[in-house]
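Enquirer: Have a look at this one before I ask anything.
The values are calculated or read from the model by the stated rules, or taken from the named source; none is laboratory data. Treat the numbers as computed from the prediction; the structure is a model and nothing was measured. Using ideal geometry, Cβ is built from the backbone for each residue, glycine included, and neighbour counts are taken over all protein chains shown.
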DNA sequence: ACCTGAACACCGTTCAAGT
DNA sequence: ACCTGAACACCGTTCAAGT
């Protein structure tokens with residue numbers, strides 16, 4: 001085993017790049033993210049990352065996609081807990097906001113305007129999967145008579161919109177941590193008024 | 001006048017840099033924004049911009065700040081038109097969404113997570129000025145009995161949040177132009193339910 | 001005041017070559 | 001398959017020097 005010591009990278013360079021990239025994204029911001037530094041940190045030549053990501057944007061896209069997966073898992077888990085529609089909605093909002101605060105730079109990356117429209121297809125699909133969760137929750141609420149009738153979209157879209165808007169304010173520090181905590185209940189109450197039969 | 005021809009820049013390099021920067025931001029995206037190219041385009045040495053912006057981030061901040069000013073003007077104008085609260089709210093939403101679609105990259109820049117918390121003070125203040133507009137509108141609606149009673153913030157914050165969330169989806173192309181147009185009325189109706197007495 | 005020109009330390013990307 | 005090393009064309013920032 002000493003023979004292959006430091007020859008090739010330890011197994012999965014791709015995963016190592018993503019992990020390390022997210023770490024520096026969180027600690028030093030998106031501006032400090034450099035492929036060359038990443039390679040240096042991982043003890044690999046600066047050209048090595050290109051085997052796994054065709055360019056820097058491809059790494060950023062992969063990072064964003066992984067972020068959507070994790071957010072999706074988190075929200076799905078929150079949806080399980082909660083007997084009533086208000087409980088489930090409240091749980092969803094809190095989970096989304098918590099993720100936004102804990103992963104501000106990543107969430108920013110996830111929703112950043114892509115100038116190349118074709119490249120963002122997978123990211124848009126991932127966002128739609130999130131929207132679909134809101135739809136399911138609303139539809140379930142309608143079946144139980146806890147949510148007003150009408151096209152699911154006409155309620156799920158505004159709900160998802162408010163959810164994301166609040167998280168967006170929280171992550172961009174337009175709202176302080178205190179304002180987020182203080183405003184949360186009012187926002188949830190308002191959302192419930194918008195959903196009420 | 002031929003004597004000063006091409007010696008110094010045409011009067012206001014600072015303003016020229018901002019104008020040109022916003023143009024390339026819109027046309028080629030934020031990744032293509034380079035100080036050196038900007039200087040080249042304006043026929044000035046690559047070190048000249050540093051006289052007006054201490055670094056690249058300072059230029060981006062100035063750009064974002066100017067964006068907030070323009071958005072503020074646009075929204076203030078939309079608020080004048082409209083006799084009833086629903087009319088004024090609808091006008092505000094449409095104005096914000098129009099701005100978001102027409103200036104997606106700029107709005108993204110305006111709300112981008114700044115890793116240096118101190119640097120973004122002025123930007124946060126600008127966002128708060130926008131929030132204050134929502135507060136005024138809600139307070140006015142309360143006086144006229146068109147909006148439910150209670151602390152202004154408990155209604156204005158969710159309203160502003162929904163507003164921004166929808167614009168954010170529109171600009172990040174999570175929603176297509178069609179989905180934005182189709183969803184607008186449902187979102188406004190939902191907001192009004194959240195505000196209703 | 002405002003700008004130039006050179007210099008420095010970085011980038012991302014590509015490509016022949018190695019194992 | 002996976003990585004290296006050198007090369008290329010760019011960056012942002014700084015700083016003496018010019019007018």
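Enquirer: Does residue A:86 satisfy the criteria of being surrounded by 13 or more Cβ atoms within 10 Å (Cβ to Cβ), away from DNA strand D (no atom under 13 Å from the Cβ) and at pLDDT below 95? Step through it out loud before you land on a result.
Expert: Details: surrounded by 13 or more Cβ atoms within 10 Å (Cβ to Cβ): yes; away from DNA strand D (no atom under 13 Å from the Cβ): yes; at pLDDT below 95: no.
Answer is no for this residue.
Enquirer: Let me ask another. Determine the pairs where a residue that is closer than 19 Å to residue B:22 by Cβ and in contact (Cβ under 8 Å) with a residue 12 or more places away in the chain, located within segment B:42-54, has a partner that is assigned to a loop (DSSP other than H, G, I, E, B) and more than 6 Å from DNA strand C (Cβ to nearest atom) with Cβ atoms under 8 Å apart, the partner being 6 or more residues away or on another chain.
Expert: B:43/B:6
Enquirer: Also, quick follow-up: Take residue B:132 and decide whether it is modelled with pLDDT under 95 and surrounded by fewer than 20 Cβ atoms within 10 Å (Cβ to Cβ). Walk me through it before giving the result.
Expert: On the way: modelled with pLDDT under 95: no; surrounded by fewer than 20 Cβ atoms within 10 Å (Cβ to Cβ): yes.
No; evaluated as a whole, the condition is false for this residue.
Enquirer: Which of (1) surrounded by 16 or more Cβ atoms within 10 Å (Cβ to Cβ); (2) modelled with pLDDT of 95 or more; (3) away from every other protein chain (no Cβ under 14 Å); (4) within 16 Å of DNA strand D (Cβ to nearest atom) is the odd one out, the single condition residue A:42 does not satisfy?
Expert: (2)
Enquirer: While we're on this one: From the list A:63, A:107, A:75, exactly one residue is away from chain B (no Cβ under 14 Å) and under 21 Å from residue B:30 (Cβ atoms). Which is it?
Expert: Details: A:107 fails: away from chain B (no Cβ under 14 Å); A:75 fails: under 21 Å from residue B:30 (Cβ atoms).
The unique qualifying residue is A:63.
Enquirer: Then there's this: For the structure I just gave you, tell me whether residue A:16 is away from chain B (no Cβ under 14 Å), part of a helix (DSSP H, G or I), buried (at least 17 other Cβ atoms within 10 Å of the Cβ) and within 13 Å of DNA strand C (Cβ to nearest atom).
Expert: no
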